[in-house]
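Below: one structure, written as structure tokens.
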Amino acid sequence: MFTKMKFIYFVSIILIICTTNLSAGTTGKIAGVITDKATGEPLFGANVLVVGTNYGGAANIDGEYFIINVPPGVYEIRASVIGFTSIVVKNVRVSVDQTTKIDFELSEEAVQMSDVVVTASKPIVQKDLTSTESKVSGEQISMLPLEDVASVVNLQAGVVDGHFRGGRGNEVKYLIDGVPVNDAFTGQSSLNAEVNSIEEVQVLTGTFNAEYGEALSGVVNQVTKIAGDELDGEFSFYSGDYVSGRDGLFTNIDNITPTGSYNFQGSLSGPVPGLKNLLKFFISGRYNYNDGYLYGRRMFNPSDSSNFSANDREDWHVGNTGDNEYVPMNYGKRLSLNGKLALNVGSGKGIVFTGIYQDNEYKSYNHQYKLNPDGDYTRFEKSYLGIVSYTLVLSNSAFIDFSTSGLLSEYNQYVFENPLDSRYVNPDRRNDVSGSSFYTGGTENWHFNHQTTSITNKADLTWQFNQTNQLKMGLEYQYHNLDYEDFQIVIDATSGFEPVLPEKGAFNYNTYSANPFQFAAYVQDKIELDYLIINAGLRFDYFQPDGKFLKDPNRINVLDELQPPFPDSLLSSATAKFQFSPRIGISYPITDRGAIHISYGHFFQIPPFENLYRNPNFRIPLTGNFPANIGNTIGNSDLEPQQTVMYEIGLQQALTEEIGVTVTGYYKDIRNLLSTEIYIKNEFRKFSKLVNKDYGAVKGLTLSLQKRFLNGFGATVDYTYQVAKGNASDPNDAFNKAQSNPPIEINKQLVPLNWDRTHSFNFTLTAGQPGDYIASLVGRLGSGFPYTPSLQNQRTGLENSDNKPSIFNVDLYATKYFKIGVYQISVFAKVYNLFDTANEYDVFGDTGRAGYSLELTRDQEQPRGVNSLKEFYSRPDFYSAPRQIILGASIAFQ
């Protein structure tokens, strides 16, 4: 496998040889007009400076100026010219990919006067917005009960539990400082910046520009903080636990302890001592632990053996040796470290070195292991990100961003790290029980490990050709190294009931490596006129899979008699894939207080690599039960890219100086989604091959209302109406239906997707005085997800033809600040699920509710185990987390 040392060595070489600051999508622009206040004439040659930086510009003959390549943040802008009083505008907010308009009217001065100081306010209507996007600053995040980037994203209109406008969960591109951080193996985000290190989060849910690729549904761009000129820092701590009266549902919920959840985090920024003008730093870290709210009880150890085969319960043997302690079964702990060094060289922002490390350990609740919690899997994720970037300033109107990054993602899943650990037991121990019973022994006997290394090189040119046109073009190359293995620990009579590993290449020991690469190029032009703004671009994507696929799956039985590498007569090499994707967005300001936009675009995404290279030895065993997609599915390295065509129309309108409303309608046509094609081996064993067959369509309407935070109060409200349909929610849907007894016919018409929430309503309310006190609420209300009615595991209705109950949740945050010298101290409280609402996230198919099943009323044999039927059908994991109360304190200095 590609080892950590090799990765560190590779990134070290990059840092040495690469002269490559912030990449595409991490800076904004300031522009406007400078005139004589008395005459209205343009002031040619007037200077404009971003105070405290080396960013600036000069007015042309028409008084027009622009300043490009400005990182997001809040600045002071100073305009001056000889013979006129200078003006300083404070509180100027610059956002990623947007133009901040600041006009100046200077007055002639008879004598030397001090600068005139005014305070800017961000316009309610962003007239150069040609598609839907949201920007949330680090300051806004700090005033709300939001713990991570995911909670920020899910608060945006059109986003439901990580699904953007009805798309599948892995159709979103995640970026940190413009660099992709998706794990190419799963398609999911490998790591996210912690909220204490974020300057701004940009969430693109509409038809995003051509500079963004490898995404069908949306983009999340996390721009991290840069080092300041003065030393400053912040450190905080909190602890808490779940507090609920629902002790009949949640095991151990009445055991309240301050160590049930705790968090340490801090950041430090400023110049390196002795090198103030040369080297600056920003570092942050966070450690978070949460016991979770789902507990098991260690009544049994994995090695315990019981016998429930007798008809008379008095003859049953219960061999429990557990200590009966409560054990958290959905706990999580995470360590995050972030460091950034800015070396002031050249005429731009210099060279910036960034490093991020995250280490996650967690369990996913498995109901059957409730009395044997030590027998279930633990999951481990580690991610390392290194970035070196440099901005080459060609002139005041042009610059090139160079960046090189390395991302290493590791995933491991097992019960015990050593596969030959003697604590692994014969999986037959789980068969001691039958019916609706908790396991009284046994372990999960598979190991899953994958490691993905992605090296990305980018170059982006930004050229403000004139006051009207900003041209951007860029190149991106990604090289991937993928290593994967899964294996079953065999414990049976043939192994002397001791753990042994099967032979590599067997159906229960899969390994493979692959080195695919991608290339992309784009060009786009942003045309800004007084009466029209146009974003037009074209993107080219190219993918080389580096894999082989089975020509004729019907001949798969031939491979049983061969060892890899297999002959070319049976396999074909996957071909390269490419696509041109045009995108255009238009904004038409209808008044000085409103604008209409329309946009259209084509989008391209390579399927997650786990689907391209799965089961590379094409082994399909004729008997046995295996984890999902082990032994029953073969990958397809020749899969086509998944494609989406997106349309959008919207209106922004300022109602007052403080309140604005946005209405947006959208439609998505989705093609080439992953599906499975069914084959039969030896005339009875069904298996599947991954292909591009699924499709879908999404339409929706969003309505957003914003009241900017002013005079001690701010609020946001948004409503989304959406219909998301497709022929399948899961790529394995066709195979799962073929395996049913009796088999279920695949959908030949569109049905609601599993995450189709027809109505969604979000709100935030913030009140207080920054620096004194802040109180805020975040609320969510939504209709229930669809489900398929069934009785005794047989469908009684069409797929997803009914809906789960609606959901409602409110979170609270309150803090009080105290100023002591240079230190600002705060104490705060956070309450998640303030009203302890029992939201039903999953339900029984026969009732459509989480708390009751008709199985409890049916005349049937009682479970052969230690639990009752009622205990087994009590499902705390079907509900949202109960109320959680957190208390903490922080100290900051500057």
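With every protein chain in place and a 1.4 angstrom probe, the accessible-area ranking of Thr321, Thr354, Thr494, largest first, reads Thr494, Thr321, Thr354. The accessible surface of the chain, taken with every protein chain in place and a 1.4 Å probe, is 55 percent carbon and sulfur. Report the net charge of residues surrounding Val89, where surrounding means a beta-carbon distance below 9 angstrom and charges are Lys +1, Arg +1, Asp -1, Glu -1. Taking every Cβ under 9 Å from that of Val89, the sum is +1. Per residue, the Cα convex hull of the stretch 744-783 amounts to 93 Å³. Counting Cα-Cα pairs of the stretch 348-485 in 10 Å increments starting at 0 gives whole-percent bin shares of 10, 25, 20, 15, 13, 10, 6, 1.
Considering only Cα-Cα distances, which of the following residue pairs are longer than 20 Å: Lys472/Lys526; Lys363/Lys870; Lys173/Lys689; Lys725/Lys804? Kindly include the intermediate steps, with their values, before the conclusion.
On the way: Lys472/Lys526 8 Å; Lys363/Lys870 25 Å; Lys173/Lys689 26 Å; Lys725/Lys804 17 Å.
Flagged as over cut-off: Lys363/Lys870; Lys173/Lys689.
Counting heavy atoms of the protein chains alone, Glu41 has an accessible area of about 110 Å² for a 1.4 Å probe.
For Asp560, what charge total do you get from the other residues with a beta carbon under 13 Å from its beta carbon, if Lys and Arg give +1 and Asp and Glu give -1?
Details: positive: Arg555, Arg619, Lys681, Arg685; negative: Glu561.
Local net charge: +3.
The ratio of the alpha-carbon radius of gyration of the stretch 851-894 to the globular-protein estimate 2.2 N^0.38 Å is 2.27. Entry comment: accessible area of the stretch 237-367 is 47 Å² per residue, from protein heavy atoms only and a probe of 1.4 Å.
Size of the stretch 272-388: Rg and Dmax of its alpha carbons, in Å, are 25.2, 86. Rounded if a/c is under 1.5, else prolate if a/b beats b/c, else oblate: with a ≥ b ≥ c from the C-alpha gyration tensor eigenvalues square-rooted, which is the stretch 443-566? Prolate, since a/c reaches 1.5 and a/b exceeds b/c. Relative to its Kirkwood radius, the Cα radius of gyration of the chain gives an Rg/Rh of 0.98. The calculated Kirkwood hydrodynamic radius for the stretch 712-807 is 16.3 Å, given to one decimal from all distinct C-alpha pairs.
Using heavy atoms of the protein chains and a probe of 1.4 Å, the accessible area assigned to Phe709 is about 70 Å².
With a 1.4 Å probe rolled over the protein heavy atoms of all chains, the accessible area of Phe540, Phe578 falls in the order Phe578, Phe540, largest first.
Taking the charge dipole of the chain about its Cα centre, with +1 at Lys and Arg Cβ atoms and -1 at Asp and Glu Cβ atoms, the residue from Ile491, Val663, Ile825 reaching farthest to the positive side is Val663. Counted residue by residue at 0.36 nm each, then reduced by the alpha carbon distance between them, the extension gain from Glu417 to Leu394 reaches 2.9 nm. What the pair-distance distribution of the stretch 444-511 shows, using all Cα-Cα distances binned every 10 Å from zero, is 16, 25, 16, 13, 12, 10, 6, 2 percent.
Put simply, the amide H of Val866, placed in the peptide plane, has neighbours under 5 Å in Phe438, leaving out anything fewer than 5 places away on its chain.
Rounded to the nearest 0.05, the FRET efficiency derived from the C-beta distance between Asp730 and Glu657 at R0 = 51 Å is 0.55. Computed from the Cα positions only, the extents of the stretch 515-609 along the three principal axes stand at 75, 22, 16 Å, in decreasing order. Heavy-atom accessible area for Arg555, with the other protein chains in place and a 1.4 Å probe, reaches approximately 110 Å². Taking all pairs of different Cα atoms in the stretch 154-305, averaging 1/r and flipping that mean, what Kirkwood radius in angstroms comes out? For the stretch 154-305, the Kirkwood estimate is 19.3 Å.
Charge dipole (Cα centre; +1 on Lys/Arg Cβ, -1 on Asp/Glu Cβ; no other charges) of the chain amounts to roughly 540 debye.
Note on Ser801 and Trp316: the extension gain reaches 170.3 nm, defined as 0.36 nm multiplied by sequence separation minus the Cα-Cα distance. The listed residues Leu798, Leu144, once ranked by accessible area (1.4 Å probe) with the largest placed first, stand as Leu798, Leu144.
When the pairs Lys668/Lys693; Lys225/Lys382; Lys370/Lys504 are compared against a 28 Å limit on Cα-Cα distance, Lys370/Lys504 fall above it.
Which net charge results when you count Lys and Arg as +1 and Asp and Glu as -1 among the other residues whose beta-carbon is under 9 Å from that of Asp374?
Details: positive: Arg298, Arg423; negative: Asp376.
Residues near Asp374 contribute +1 overall.
The values are calculated or read from the model by the stated rules, or taken from the named source; none is laboratory data. Being a predicted model, the structure only gives us computed values, none of them experimental. Positions of Cβ are generated from backbone atoms using ideal geometry, with glycine treated the same way; all protein chains shown enter the neighbour counts. Accessible surface is based on the protein model in full, side chains and every heavy atom, while ligands, DNA and RNA are left aside. Shrake-Rupley method; radii C 1.70, N 1.55, O 1.52, S 1.80 Å.
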